[in-house]
1. Any chance you could give the angle, 0 to 90 degrees and rounded to 10, that helix 3-20 forms with the longest Cα principal axis of the chain?
2. Distance from a point 7 Å along Cα→Cβ of residue 101 to each backbone N in the range 7-36: keep the residues under 11 Å and list them by number.
3. Let me have the relative contact order for the chain, percent, based on Cα pairs under 8 Å that are six or more residues apart.
4. Hey, got a sec? Which chymotrypsin sites (Phe, Trp or Tyr not before Pro) in the range 27-89 land in a DSSP loop and have at most 14 other Cβ atoms within 10 Å?
5. Given the Cα-Cα distance of residue 54 and residue 2 and 0.36 nm per residue of separation, how much length would full extension add, in nm?
6. Once the other residues with Cβ under 9 Å from the Cβ of residue 111 are scored (Lys, Arg +1; Asp, Glu -1), what is the net sum?
7. Can you list which of the trypsin sites (Lys or Arg not before Pro) found in the range 63-123 are DSSP loop residues with at most 14 other C-beta atoms within 10 Å?
8. If I model a spin label as a point 7 Å beyond the Cα along the Cα-Cβ vector, how far apart are those points for residue 71 and residue 14 in nm?
Amino acid sequence: MDALTSDIITFALNALVADIAQQVRFVPKYGGEVMCLEPSSDTRFVGGMFTYKDHVSLEFSQGNSLLDPGSHLEGKGKLRRHLKLHLLEDIERKSTKNFLAQTLLLTAVQQQHRRHPSGENPA
């Protein structure tokens with residue numbers, strides 16, 4: 001994969017994340033960028049983007065919990081799963097927006113539960 005293609009894919013992923021959840025911050029880490037949802041923590045992240053020789057990898061920290069009817073997610077680890085994006089078209093073809101929405105919702109629910117473990121929602 002050439003640098004221009006990886007830059008285009010990364011730019012498109014950043015725009016997609018911003019469209020879904022503007023509060024996500026991208027923090028340089030591990031040779032790529034991790035996506036942080038909590039404003040006060042750079043250590044808890046929902047996933048990340050990493051550029052490799054042949055693809056851009058979009059990682060999901062809790063990918064094992066995501067619904068994947070099209071079997072697009074790769075990885076057999078305990079928690080993490082990833083999408084390998086070789087072309088700009090892979091973003092749509094591999095349901096990337098759906099996976100991002102799922103992981104952001106899952107993380108937001110878990111954060112809410114950590115703040116209010118009894119299930120009470122102080123409105």
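1. 20 degrees
2. Only 20 fall inside the zone, counting backbone N under 11 Å.
3. This gives 20 percent for the chain.
4. Working: sites: 30, 45, 50, 52, 60; in loops: 30, 52.
The qualifying sites are 30, 52.
5. On the way: separation 52, 0.36 × 52 = 18.72 nm, distance 0.83 nm.
Gain on stretching residue 54 to residue 2: 17.9 nm.
6. Working: positive: 44, 114, 115; negative: 38.
Overall, the nearby charge balance is +2.
7. Values: sites: 76, 78, 80, 81, 84, 93, 94, 97, 114, 115; in loops: 76, 78, 80, 94.
Answer in residue order: 76, 78.
8. For the pair residue 71/residue 14, the computed spacing is 3.5 nm.
Every number in this text was worked out from the coordinates using simple rules, so none of it is lab data. Given the structure is predicted, the values throughout are model-derived calculations rather than measurements. No Cβ is skipped: glycine too gets one built from the backbone with ideal geometry, and neighbour counts run over all protein chains shown.
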